[in-house]
């Protein structure tokens, strides 16, 4: 009988290389938010892949980047701490973008901070290009990582090669116990996931100036009366505040006569109801917290 294997894995790469989408696809459920905006992920979120022969804990981190604010610096510190603690680092490079200085910098950071950690190359978004281009990218990534690293092509969107990638990752884990009960998909507190879902909905389709300036804090979660069958509350009231840095950004989030905020509420509520398994009343307010990304006190209050 094969020995049960387990371990912690971190996907790294430039912002927007498909790390969060890949995490969600491997876990089989949405636990990390995705967006076409760089630096969408702000917390290390753990996704759990359960198999009969293995358990993989995927640590989804913010994209490593050259920081311009105190928030950026703190996000980078978070990533560096993660590198040192995991069993394997997967370097993600999209199939439709040439390997550049940013990718090389990230690989050098990984090698420097976690010299003994196993590294695997992952070419993401292979559904976007021809097989010739995928092959060329695999060769380029293999050259960058060196002969000791395996390289796997994958499409999180279509599901192509996901099983192959999982097999490779499991094969590189040491024999070990299951760290989480079977069936658990994440160890992230529900409150953090709710805030992330609201932030994701607010980031959809807005201008470039907003991503880094938006933070969401859940103020209160109030369960209403129990259901008649006694299996939990009939509804949950969730009160959240969306913080931006300037009045002009507040206008963007709220939209004409509140239309944008209403849309954000509808999308986020659907995600939160799925998460909690109950009806949700979602109350959203937008506040300006001037230059919060550079203010240690405000950053602390927002959980960074």
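The values are calculated or read from the model by the stated rules, or taken from the named source; none is laboratory data. Nothing here was measured: the structure is a model prediction, and the numbers come from that model. As a convention, Cβ positions derive from the backbone with ideal geometry for all residues, glycine included, and neighbour counts pool all protein chains shown.
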Of the residues that sit in segment 218-227 and are assigned to a loop (DSSP other than H, G, I, E, B) and more than 19 Å from residue 265 (Cβ to Cβ), which one is modelled with the highest pLDDT?
225
Test result for residue 122, part of a loop (DSSP other than H, G, I, E, B) and assigned by TED's automatic domain parsing to the domain that holds residue 140:
no
Of everything in segment 158-167 that's surrounded by fewer than 17 Cβ atoms within 10 Å (Cβ to Cβ) and in contact with a strand residue (DSSP E or B) (Cβ under 9 Å, 6 or more places away or on another chain), which residue is nearest to residue 25 (Cα to Cα)?
160
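Taking the stated definitions as given, is residue 269 assigned to a helix (DSSP H, G or I), at pLDDT 85 or above and within 22 Å of the chain's Cα centre (by Cα)? Quick ask: steps written out before the conclusion?
Numbers: assigned to a helix (DSSP H, G or I): yes; at pLDDT 85 or above: yes; within 22 Å of the chain's Cα centre (by Cα): yes.
For residue 269, the condition - assigned to a helix (DSSP H, G or I), at pLDDT 85 or above and within 22 Å of the chain's Cα centre (by Cα) - is met.
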Number of positions in segment 272-294 that are modelled with pLDDT under 85, surrounded by 16 or more Cβ atoms within 10 Å (Cβ to Cβ) and not in a helix (DSSP H, G or I)
2
Can you tell me which of 195, 178, 215 is over 30 Å from residue 288 (Cα atoms), at pLDDT 80 or above, in contact with a strand residue (DSSP E or B) (Cβ under 6 Å, 6 or more places away or on another chain) and outside the structural domain of residue 120 (by TED's automatic domain parsing)?
178
Exactly one condition in (1) part of a helix (DSSP H, G or I); (2) at pLDDT 85 or above; (3) surrounded by 13 or more Cβ atoms within 10 Å (Cβ to Cβ) is false for residue 259; which is it?
(3)
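Against the definition (assigned by TED's automatic domain parsing to the domain that holds residue 112, under 30 Å from residue 3 (Cα atoms), part of a helix (DSSP H, G or I) and modelled with pLDDT of 85 or more), how does residue 26 come out, yes or no?
On the way: assigned by TED's automatic domain parsing to the domain that holds residue 112: yes; under 30 Å from residue 3 (Cα atoms): yes; part of a helix (DSSP H, G or I): yes; modelled with pLDDT of 85 or more: yes.
Against the criterion (assigned by TED's automatic domain parsing to the domain that holds residue 112, under 30 Å from residue 3 (Cα atoms), part of a helix (DSSP H, G or I) and modelled with pLDDT of 85 or more), residue 26 qualifies.
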